[in-house]
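What follows is one structure encoded as structure tokens, with my remarks underneath.
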Amino acid sequence: MDDSQRLTVFEGDRIAFSGPADEAGRWVRAALQSDPGRIFLALDDADGRVVDVDLREESAQPARGRGRPKLGVSAREVTLLPRHWDWLAAQPGGASVTLRRLVEEARRSDAQAAHAVREAAYRAMTTLAGDRPGYEEAVRALYAGEAERFRELTGAWPPDIRDFVRRVAPAG
């Protein structure tokens, strides 16, 4: 898990823990040791996805491999045409620097960012409130950019669910 990843852990309708992923793992592990029957649901604060919490003890975690773990670097294959490689090689800093710059520029695109935030809110809403009154209308308001209507429709939801969804939603 990314060192900067933040999770919100729900137990039923209530937030049981919110914080860094590694701390979430320790917290859930301790809670389950005291009461193994508890059921938790962890969501990534950044994208609203349900995530698995790492319950392993610190000493049981495998040693990090080679590379630059503090930067979160992961090697993956990229397939480009020869003309693309030629262009990348001619750029200042080389292919890696240029690709990282292009990816960051694309991530900053307003339309793309707004879409990603709406999708994160939708995922969180579906997971936490898919069976709540006003859910479908709240989804419509989210995608229509109707912030006041969205707040109105989510108002009757349990406070922790309502507040989490509003925090993830754009202008919610």
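The values are calculated or read from the model by the stated rules, or taken from the named source; none is laboratory data. Quick caveat, the model's predicted, so the values are computed rather than measured. Reconstructed Cβ throughout: ideal geometry from the backbone, glycine too, with neighbour counts over all protein chains shown. Quick note on the areas: whole protein, heavy atoms, side chains included, nothing else; ligands and nucleic acids left out. Shrake-Rupley method; radii C 1.70, N 1.55, O 1.52, S 1.80 Å.
Could you order the peptides 36-46, 154-164, 85-95 from most to least packed, using the average number of other C-beta atoms within 10 Å per residue?
By packing density, highest mean first, the sequence is 154-164, 36-46, 85-95.
Test of understanding: express the Cα radius of gyration of region 3-61 as a ratio to 2.2 N^0.38 Å, with N the residue count.
Rg over 2.2 N^0.38 Å, computed on Cα atoms: 1.06.
Which order do the peptides 27-33, 104-110 take when ranked by the mean count of other beta-carbon atoms within 10 Å per residue, highest first?
27-33, 104-110
Quick check on the chain: helices-only [θ] at 222 nm, where DSSP H runs of length 4 and up contribute -39,500 (n - 2.57) each and the sum goes over total residues. Nearest 500, please.
Computed ellipticity for the chain at 222 nm equals -15000 deg cm²/dmol.
Pulled fully out, how much extra length does the chain show between residue 29 and residue 41, if you take 0.36 nm times their separation in residues and subtract their Cα-Cα distance?
Separation in residues times 0.36 nm, less the Cα-Cα distance, equals 3.0 nm.
Could you work out the Kirkwood radius for the chain, taking every pair of different alpha carbons, averaging 1/r and inverting it, reported in Å?
Kirkwood radius, the chain: 18.9 Å.
What relative contact order, as a whole-number percentage, does the chain give when Cα pairs under 8 Å and 6 or more residues apart are counted?
Relative contact order comes out at 20 percent.
Given points 7 Å out from each Cα along the Cα-Cβ axis, report the residue 147 to residue 57 separation in nanometres with one decimal.
Once both label points are built, they end up 4.9 nm from each other.
Work out the length of the dipole vector of the chain about its Cα centre, built from +1 on the beta-carbon of each Lys and Arg and -1 on the beta-carbon of each Asp and Glu, and round it to the nearest 20 debye.
520 debye
Before I look further, what does region 1-43 give for accessible area per residue, probe 1.4 Å, in whole square angstrom?
Each residue of region 1-43 exposes 55 Å² on average to a 1.4 Å probe.
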